[in-house]
Amino acid sequence: MAKFKIKTKKAASKRFKVTGTGKIMRCQQGKRHLLEHKSPSRKKRLGSSVQVSSADMRKVKGMLPGIV
């Protein structure tokens, strides 16, 4: 009986990054368009990465089997 590898979801691998300590980071939403009415401090804050919430961690780890 053949054993198969579990494939990584390529869309998820482009959206999430794993740090050296194992945390999963994501980009924040809201910095693609309609930027002229947003304040400079808000745009600067939206540019940074944040950690994936604990509620979504199980889903993200399921999409990245070989990485996490």
* Evaluate the following for Ile6: is it in a loop (DSSP other than H, G, I, E, B), β-branched (Val, Ile, Thr) and loosely packed, with under 13 Cβ neighbours inside 10 Å? => yes
* Asked: Among all residue pairs at least 6 apart or on different chains, which show Cβ distances below 6 Å where the first residue, located in region 12-26, is on the phi < 0 side of the Ramachandran plot and the second is surrounded by 12 or more Cβ atoms within 10 Å (Cβ to Cβ) and of a type in the set (Phe, Trp, Tyr)?
  -> Ile24/Phe16; Arg26/Phe16
* Tally the residues that are over 14 Å from Gly22 (Cα atoms) and either among the aromatic types (Phe, Trp, Tyr) or outside any strand (DSSP E or B) (or both), restricting the search to region 35-68. => 19
* **Cross-chain or 6+ apart pairs with Cβ under 7 Å, region 42-53 first and surrounded by 13 or more Cβ atoms within 10 Å (Cβ to Cβ), then of a type in the set (S, T, N, Q) and not in a helix (DSSP H, G or I)** => Leu46/Gln28
* Report yes if Ser13 is surrounded by 10 or more Cβ atoms within 10 Å (Cβ to Cβ) and hydroxyl-bearing (Ser, Thr, Tyr), otherwise no. => yes
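Each reported figure results from applying straightforward, stated rules to the coordinates on display, with no laboratory input. In this text the structure is predicted, and so the values were computed from the model without any measurement. Note that we place each Cβ from the backbone using ideal geometry, even for glycine, and neighbour counts take in every protein chain shown.
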